[in-house]
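Asks: My questions all concern the structure below.
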Amino acid sequence: MSRFTGVLDGKTTAAVAIGVLGICVALLLQRFLDHRSLSQFPLNSSQYGSYPKRLMAYVYHAESLYRQGYNEFKNAAYRMTTVDGA
């Protein structure tokens, strides 16, 4: 039993705590920075206004919205409101 006494000593516990804290900070930063980076792309169907209106437009006119997005942003990336919330 004596060979397992040093497994959870102070250094190991501190290292695990720092690792977990680092992972939490990285995940939070990714969440906030990802949203900001996507907002720089133009939004297709922005003429419908709010999110619920854009969603209903997508549900009923998805094919025409894809065509409109392709014609308007042929050489660029753009965002589109879809059923999955993107």
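Asks: Taking R0 as 22 Å, what FRET efficiency do you get between Gln47 and Asp84 from their Cβ-Cβ distance, rounded to the nearest 0.05?
Replies: Efficiency computed from Cβ-Cβ geometry: 0.55.
Asks: What list of ³J(HN,Hα) couplings, whole Hz, do you get for the stretch 38-50 from phi and the Karplus terms 6.51, -1.76, 1.60, once you set θ to phi - 60° and write x for glycine and proline?
Replies: 6, 5, 6, 7, x, 9, 6, 6, 5, 5, 7, x, 5
Asks: Here is a further query. What full-extension length gain, to one decimal in nm, is calculated for Val59 and Lys74 as 0.36 nm per residue of separation minus the Cα-Cα distance?
Replies: 3.1 nm
Here, each number is a calculation from the coordinates, and none is a lab measurement. Since the structure is predicted, the reported quantities are computational estimates derived from the model, not experimental observations. FYI the Cβ positions are ideal-geometry reconstructions off the backbone, even for glycines, and counts take in every protein chain you see.
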